[in-house]
Structures are given as structure tokens and as C-alpha cells.
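The values are calculated or read from the model by the stated rules, or taken from the named source; none is laboratory data. From a predicted model like this one, the values you see are computed outputs, not experimental measurements. Here the Cβ positions follow ideal geometry from the backbone for every residue, glycine too, while neighbour counts run over all protein chains shown. In case anyone asks, the SASA skips ligands and DNA or RNA and just uses the protein heavy atoms, side chains included. Shrake-Rupley method; radii C 1.70, N 1.55, O 1.52, S 1.80 Å.
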Amino acid sequence: MKQENQNQNSFGMIGLGTMGSNLLQNIADHGYSCAGYDNSAEKVNALNALDSENIQGFSNLKEFTDSLKSPKIVMMLVPAGEIVDNVIDELLAVLDKGDIIIDGGNSHYTDTERRYLELEGKGLHFVGMGVSGGEEGARRGPSMMPGGDKEAYEAIKPVLEKIAAQVNGEPTVAFMGNRSAGHFVKMVHNGIEYAIMQLISESYEIMKRGLQMENDQIHEVYKKWNQGRLKSYLLEITTDIFAFKNEGEEGLLLDNIRDEAKAKGTGKWTSQGAMDLHLPTPVIDISVSMRDLSSLKNLRVQASKIYPDLTEMHYGKNVNDYCDQLEEAFYFAMVSAYAQGMHLLYQANIEFKYDLKLDLIAKIWRGGCIIRSEFLEDIYAAFNKDPELQHLLLDKTVAGNLIQSIPSARTIVSDAAIHGISTPAFSAALTYFDNFRSESMPTNLIQAQRDYFGSHTYELKAKEGVFHTKWIMENIKQ
């Protein structure tokens, strides 16, 4: 028997798609009375049909908000963009000062910044919260990254800590920081996600085309990797994908899927945000670009008929030994992807005064989220030991492990180049590292060029000040 008392629901959800419905059921499972609203009668009916006495579904927004205890807690799980603003405008007519609005979608952090300030001016509390873990995570325990109004977070904290995934008895949720901090952290999370997915796909390409391995062999490699230090959610699901066949079919479903990857934009936002902060994230950047390139299928087909396919040249390597090297190279590139994401968070913290705690971010990413992995324990340990650590690659423990993987990374990238195998993310990780570890880069020439054609000036090694030279060709000996 569903409860019918008005003003008794502890939590309200707007948007009853799979994520919203699953998260609401998760909350109800932990003993909280909940209300759900959607303008789709079908979704509302589906919610009311659930076998839960703690959930009520509404098609009327006023009835929905009237069913909530004060201060009213309303979470939105709707598509990012204009729809979020429209829902907020509707809520302003039915909420009171002191009520709490949570945006749990993948909103761009700049929109969250604006909404936070606007709602603060109207006397409402606003929390921008990244939610990771997909449909299953929402139902059984996601990782959540709330930011914005600290007072509001304290009010919703008991619910969030109950429904979050648990790692070592601790919930994978914590207050990220001021204003748009939560959605910025989630954006970077998604950028890292893009990078690791690209690296996995490149390792697949090396095994499939370079080593000419069968699917069952590749399955065993990913299974082995996922039992060691590369253990992660993304490798876990990749292992499953390499074992999945539709009923009655002989081959893997994977082999029938078109090679055109889609994207919702959060990876692109990460690259844009990094460039705005003048911070390099090349593994993430190239991973975004490769998804875009994959969509140019017709052009790729035309080009394939013009240029020779070098992959006919089999690597001629011992498969087991080479896959061990590939595992080392994957570790190297994966570390680089995480390091670039964490460095972006470090810089954003300075620029936006978020009050981020990088160890805390790594800590809540260890469970529930898409990029959860064994390596996050190392990231957590590094930033927990040194909260002022500027870059993960400067941590001595991480560096010690990384050094051992460098030879394999060089082998994998160079062999791929010789045989015409595309490994842009592996290559970006290696070139980023080689420049990062270099005390001297050739960019002094770029500064000279900029000054030559645009009088942009330069600085000298041994003399303070800013200088400009008239680079007259007549003065240069021919």
C-alpha cells in the first residue's frame, strides 16, 4: 500500500527516465519516502506500478512539490542545456526560499556557475552534482560529486551517503567544493573516461590487426589484465563484451557493431576547459578527436581504397610476450590520462577557487563510477600524502612504477607506427611524457618566430626583462 500522506516525502525527483527512476528506487530502498515527477504519463504510471510503498509518482508539478517535506529537496535528472533552465523556471513558481534544487545531470560547469549565482540571489539553495555509474550504478550505488551550496549539501548528505557505492565501508560521495565544482569534477571524470576507452580500443586494434589474435584470445588477455594492477570497471565490461554472443549467432555481437562512436559532449568540454586554462591534456584531446574521426566513415572508406594497408605485414611477435609489453604500455598511458585529468583539477582549483581536495576526489572515484580502478588507490595515496602535489607524475611511488613501463610504451608506439596501426592515445601519452620530463623544450625557436613575424617579444635565459628584436634578413649572412 503506497503512502498517501501529503508533505511527507523526503526527496523529489524530476525526470523519470532510467537514471532518474533507478536513483529514486535506490533512495526508496534505504527507507526514504520519495516523489517522482515527469510530464510523461507513461513514466509516471511505470513508477507508480513499482512494488514500493515509499514511492509516489506525479504528473502535476504543484502536487509533486506539495508532497515534499520542508525544506523541499528536488533533484533534476534531465538533459543538459535549456531544459534544465526551463525546469528551474517552473520550480521557482512552486518552491519557497530555503528549498533545495539539485541538478544531477551532465550540465556544463559554466551553466552551473550561472545558475548557482542566480538561485542564490533568489534565496534558494543550488547543488550541481555529477553522478557516475550508469543505470546499474544509479540503482545499486553510484559515485556522486556534489558541489555548490555547502549548507544544502549537509541537508542532503544523509540520503546521498546511504545510496552511494561503498568502498572499505566509506560512501563514494563527498562535497567537492564551491559553486560549479561538482560539475567541473564530473566533466574531468568524463574526459578521463574518454581517454581510457580510447586506449582500450587501441590495444584491441594492436591485438586484432597487428598480432592477428582471435576474439577468444583477446578476451583472455583483458580478463588477465583485469585481475592485476589494471583492474577497472572499463576493463571488466570489455572482458564481458569479448564473450557476448546473441542467442543463435556464432560470432561476437562486437564484430557486427559499426565503427562510428557517438559522444554527448562532455569529453569535448574537458578539452575546451583545459585549453581555456592553458593546460595540456593531449590524451583526452586526441580521444575526443578520434571519436569525431570515426564518424567520417564515408571519407575513411574512400581513403582506404587509395592508400596501402600496411597491417598486412604481421608483427611476427610472440603473442604472450608482446601482450605483456602491451599491458605495461597500457599502464603507462593510463597513468598519463589520470595524471592529466588530476592536473586539470589542480589548475581549476587555483583559477576558480573551488576548494577542491584532490585526494577526496580520487577517494570517491574508487567505487561506483565508470573510471573506478585499482590505480585510483595510488592516486588517493599520492594526494593524501601530499595535498599540495602539483602533478601526479611527480609522486615518487607513481614515478617508480612508471619508469619500469617506459621501454614497453616506446616499443608499442614504434611498432604500431611501422606497421600502420593507429595508436594516437598511446602516442600522445608518450610524447606528453617526453616533453614533461624535459628540462629544455625547442619552444625557444617558436618564441623567436613569434617575435620575428609579430613583434610578440621574448625573454632571455640569463637576463631579466622582455625583449624584441628587429629580425632583418639583410643582417643575416646568406
Over the stretch 11-175: Kirkwood hydrodynamic radius from C-alpha pairwise inverse distances, Å: 15.6 Å
Contact order relative to length of the chain, as percent, for alpha carbon pairs under 8 angstrom and 6 or more apart: 13 percent
Per residue, in Å², the accessible surface of the stretch 11-175 once ligands and nucleic acids are set aside, probe 1.4 Å: 40 Å²
Farthest positive-ward along the chain dipole, Cα basis, beta-carbon charges - from Tyr354, Asn39, Asn435: Asn435
Accessible area of Asp309 in the full protein assembly, 1.4 Å probe (Å², nearest 10): 80 Å²
Violating pairs (Cα-Cα greater than 18 angstrom) within the set Lys157/Lys231; Lys224/Lys363; Lys231/Lys363; Lys231/Lys385; Lys162/Lys186; Lys186/Lys363: Lys157/Lys231; Lys224/Lys363; Lys231/Lys385; Lys162/Lys186
Extension gain (nm, one decimal) between Leu279 and Glu250, 0.36 nm per residue minus Cα-Cα: 5.7 nm
Under Karplus coefficients 6.51, -1.76 and 1.60, residue-wise ³J(HN,Hα) of the stretch 335-347 in Hz, glycine/proline x: 4, 4, 4, 4, 4, 5, x, 5, 5, 4, 5, 4, 5
The stretch 148-240, Cα convex hull volume normalised per residue, Å³: 107 Å³
The stretch 1-84: trypsin sites (Lys or Arg not before Pro) in DSSP loop, at most 16 other beta carbons within 10 Å: Lys2, Lys69
Peptides ranked, highest mean first, by Cβ atoms within 10 Å: ranges 137-148, 404-415: 137-148, 404-415
Dipole moment magnitude, nearest 20 debye, the chain about Cα centre, only Lys, Arg, Asp, Glu C-beta charged: 860 debye
Of the GluC sites (Glu not before Pro) in the stretch 195-234, those whose Cβ has at most 14 other Cβ within 10 Å and which sit in DSSP loop: Glu214
222 nm mean residue ellipticity, helices alone, for the chain (DSSP H n ≥ 4; -39,500 (n - 2.57); rounded to 500): -16500 deg cm²/dmol
Heavy-atom SASA rank of Trp269, Trp225 (probe 1.4 Å, accessible area, largest first): Trp269, Trp225
Straight-distance crosslink candidates among aspartates and glutamates, where the alpha carbon sits under 12 Å from Lys262 and sequence neighbours closer than 8 are dropped: Asp292
Along principal axes, Cα extents of the chain, largest first, whole Å: 88, 68, 46
Amide H within-cut-off set for Phe58, under 5 Å, with H built and near neighbours excluded: Gly36, Tyr37, Asp38
Sum of side-chain charges, Met187 neighbourhood, beta-carbon under 15 Å (Lys, Arg +1; Asp, Glu -1): -3
Neighbour cut-off at most 10 other Cβ (10 Å), DSSP loop, GluC sites (Glu not before Pro), the stretch 344-418: Glu388
Relative contact order computed over the stretch 34-154 (Cα-Cα under 8 Å; 6+ residues apart), in percent: 17 percent
Rounded percent of accessible protein surface that carbon and sulfur make up, the chain, 1.4 Å probe: 50 percent
Theoretical FRET efficiency, 1/(1+(r/R0)^6), r = Cβ-Cβ of Ser414 and Glu154, R0 56 Å, to 0.05: 0.55
Furthest towards positive pole of dipole, Tyr322, Gln217, Met129, structure part the chain, Cβ charges: Tyr322
Point-charge dipole on Cβ atoms (K/R +1, D/E -1) for the stretch 11-175, about Cα centre, debye to 20: 260 debye
